[in-house]
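Below: the structure, in structure tokens.
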Amino acid sequence: MPQNNSFFTALLKTKAKNRNMQLRAIILFLCIAVLIVFSGFSSGESQLSKLMVEMKSDMLRIKENVKAGKPVGKYNKKKYAKIYTAKVSSESKKGKHFEEHATAFLVQCERTSQASGDQVKIEYNNLVTACIRCHEAYCPGPLSMLKKMKVN
Ligand code: HEC
């Protein structure tokens, strides 16, 4: 018989106990592969969506500070900067003015985090406006929710 090194021939040649172990290893491997594929593709959420959902919950927390007249303070700059590179669910949602809106938004994040006193509420509301401007251009879905984020 010619030397055949294929994986399955090797598998058949092994003793029953070893084979059992190998089958288990293969099944385990397949389960892990399926899990990885599912977590990557079927979640349906783009990187940008995930970032947005996090920003939304940050904003709702910040809003409480603003209402209480407290400064906003620090935010996760590194995370927010990913707005430029995070993958979007459809390229049409990242038109040619996307970067300008993103930059305006990040500049306003900085202003809001540094504001104090009466300025906090003003800068915070400007930040919500920065969210709204980009959404008017590229993703109108959350607009009514965004409008409610303003503090009177
Ligand atoms: C530079 C443009 C831009 C800015 C600024 C922006 N967004 Fe978005 N947002 C988008 C785009 C584009 C999507 C759609 C993402 C996708 O489909 O991959 C989105 C999606 C969302 C979603 C829906 C996420 C989901 O999948 O459920 C929420 C909520 C959201 N943004 C909130 C905000 C909030 C709050 C702010 C301000 C703090 C903000 N956005 C600022 C462009 C922007």
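FYI, it's all coordinate maths here, none of it is from the lab. Since we're looking at a predicted model, the values are computed, not measured. In this analysis, Cβ positions are derived from the backbone assuming ideal geometry, glycine residues included, and neighbour counts consider all displayed protein chains.
Taking R0 as 25 Å, what's the FRET efficiency between Glu136 and Ser46 from their Cβ-Cβ distance, rounded to 0.05?
Efficiency, rounded to the nearest 0.05: 0.80.
Based on Cα coordinates alone, diagonalise the gyration tensor for the chain, multiply each eigenvalue by 5, take square roots, and list the semi-axes in whole Å, largest first.
Semi-axes, largest first: 52, 18, 13 Å.
Starting with the highest mean, order 52-58, 85-91 by the number of other Cβ atoms within 10 Å, averaged over the residues of each peptide.
52-58, 85-91
For the chain, set up a Gaussian network in which alpha carbons nearer than 10 Å are linked by springs, and say which option among Gln108, Gln22, Gln47 fluctuates the most.
Looking only at Gln108, Gln22, Gln47, the biggest GNM fluctuation is shown by Gln22.
Using a Förster distance of 41 angstrom, determine the FRET efficiency expected from the C-beta separation of Thr85 and Met21, and round it to 0.05.
For Thr85 and Met21, the calculated efficiency is 0.40.
Please give the FRET efficiency for Leu106 paired with Lys56, using the beta carbon to beta carbon distance and R0 = 22 Å, rounded to the nearest 0.05.
For R0 = 22 Å, the calculated efficiency reads 0.85.
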